[in-house]
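Working notes, structure below.
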Amino acid sequence: MGNGRELQILHLYPELLNLYGDSGNILVLRKRLEWRHLGCTVHEVHMGERASLTGIDLVFIGGGSDREQRIVCDELQRQRSELAAFVEDGGVLLAVCGGYQLLGHSYLMGNEEVRGLSLVDLYTDRGSPRLIGNVMVESRIAPQPIVGYENHGGRTHLGARVEPLGRVLFGNGNDGKSGQEGCLYRNVVGTYVHGPLLPKNPGMADWLLSRALERRGDTGELEPLDDTEELAANETMRKRLL
Ligand code: GLN
């Protein structure tokens, strides 16, 4: 498994769950490790394959249309117990939009229910209109506001003990009403933010990497990088939206 700080990343169903550049999040994680001479291996899991979580440090699930979510949900159910054990053991998991909805108990689309993984106490129902546009969120896991793009019909409702990822500064977030965006549970981050999410939010990328390293018994300390361009992109959006 390479040196002690080389991370193993699992990417679930990239062929189906990859809206608005979500797979770019994997590139960011890979690059931020490489730039620090840490390295990683990305294991893609495709439809029909069984995910092995042995030795995995970080799991990524991207967003998808309602149709794609229906297709992957049974497949995901078969991996539920391994994913639940990973999460309860402090495994790092990032899930975006459709992937975020699948972390919860269910995604209700009128009379139809897409069963979720119940990894986090939340559920989603569908509302109208779709919530589309730029979004900005203040979160304790990132020094800069998290900026990106949202496009979802789902309205996500958090259980009483689930912390939101953050507070909506611009846009809609979980349901357009609560002022909450995303979820934070152990080392699991769920969010509606696409764009992709991590290129403009380097602090968030490093939070995920640090948690994954800590779980291995590492200090989790990361060498600072020159984030001039990433922070300029973040700042441009912050100025535009506020
Ligand atoms: N299909 C889901 C919804 O519309 C998720 C969409 C997405 O991943 N952008 O709510």
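Check every one of the helices (runs of 4 or more DSSP H) wholly within segment 22-131 and list those with 1 or more residues that are more than 16 Å from the ligand (Cβ to nearest atom). Give the steps one after another, and end with the answer.
Numbers: elements: 24-34, 66-77, 80-88, 98-103.
Of the helices (runs of 4 or more DSSP H) lying wholly inside segment 22-131, those with at least 1 residues that are more than 16 Å from the ligand (Cβ to nearest atom) span 24-34, 66-77, 80-88.
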Point to revise | segment 143-183, subset out of contact with any Leu (no Cβ under 9 Å at 6 or more places or on another chain) and in a loop (DSSP other than H, G, I, E, B), residue surrounded by the fewest Cβ atoms within 10 Å (Cβ to Cβ) | key: 160
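Residue under question is residue 88, and the condition is that it be more than 13 Å from residue 17 (Cα to Cα) and under 18 Å from the mean Cα position of the chain (by Cα); does it hold? Quick ask: steps written out before the conclusion?
Details: more than 13 Å from residue 17 (Cα to Cα): yes; under 18 Å from the mean Cα position of the chain (by Cα): yes.
Taking the combined requirement at face value, the residue satisfies it.
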Check your understanding: Of the residues 63, 55, 39, which single one is under 20 Å from residue 105 (Cα atoms) and either touching a helix residue (DSSP H, G or I) at 6+ places or on another chain (Cβ under 9 Å) or at pLDDT 95 or above (or both)?
Key -> 63
Revision key, fill the gap. Counting only residues in segment 146-166 that are over 16 Å from the mean Cα position of the chain (by Cα) and away from the ligand (no atom under 16 Å from the Cβ), the one nearest to residue 103 (Cα to Cα) is identified as 159
Point to revise | Set 211, 167: member being closer than 19 Å to residue 30 by Cβ and basic (Lys, Arg) | key: 211
Practice item. Scan segment 28-75 residue by residue and report those that are closer than 27 Å to residue 150 by Cβ and among the β-branched types (Val, Ile, Thr). Key: 28, 42, 45, 59, 61, 71, 72
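The values are calculated or read from the model by the stated rules, or taken from the named source; none is laboratory data. Bear in mind the structure is a predicted one, so any value in this text is a computation, not a measurement. So basically every Cβ, Gly included, is an ideal-geometry build from the backbone, and we count neighbours across all protein chains shown.
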